[in-house]
Amino acid sequence: GAVGIRTDNPTATFHVRGHGVFTQQTGGTITNGLFLDAGDTGAGNRPDIIFKGSGSSALNNLAMQVYYNNGSDKAFHLRYDGGTYHEGNIGIGVENPLTFDTTADDLVISRSVDAGITISVGNAGTTNTASIFFAEGTGGTGDKERGAIKYKHGDDYLAFHTDYDERLRIDSSG
């Protein structure tokens, strides 16, 4: 059977309508949060946190889903489905990313002050590379990295790639 809190018609094994605080105590430490266990470690069995709209028609529209997929090569998934309003585009600090140029509105970050994106590859002294790739598919390395902007830490240079090859390099001397 199903258990319902604040609902007479639970639609899942455990259905909570409204809000609440979930607390778990482990040893002498109290941690707040929600613990989800799929109960089975097989592929495809996963705990989900799903955000949906309100009202009977909106409950069929998935707004956002966070889940761990057992058996997947990815440990954590975040799915955003903007439906008809955002058409799958993501806006941070902006109500409607579709108001921006259509060639670059899949992810829009907007603020009324300085804004930016940071790509961090570790601690000081690292020799790792931070990259932004422009792909034409996944058929091979040449497709996945058709164009790129790369910063090579340790050697301190910024490189621009087109047609898979480096075309311009700016080193620490300018």
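Values quoted throughout were computed directly from the atomic coordinates according to the rules given, and no laboratory measurement underlies them. Note that the structure is predicted; figures quoted are calculated from it, not measured. Note: ideal-geometry Cβ built from the backbone for every residue, glycine included; neighbour counts use all protein chains shown.
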Report summary line: Residue hits (segment 110-134; surrounded by 10 or more Cβ atoms within 10 Å (Cβ to Cβ) and over 21 Å from Gly147 (Cβ atoms)) are Ser110, Arg111, Ala115, Gly122, Thr126, Thr127
Query raised in the report: Looking only at segment 92-107, which residues are part of a loop (DSSP other than H, G, I, E, B) and small (Gly, Ala, Ser)?
Result: Gly93
Query raised in the report: Can you name every residue in segment 108-136 that is closer than 17 Å to Pro97 by Cβ and either touching a His at 6+ places or on another chain (Cβ under 6 Å) or outside any loop (DSSP other than H, G, I, E, B) (or both)?
Result: Val108, Ile109
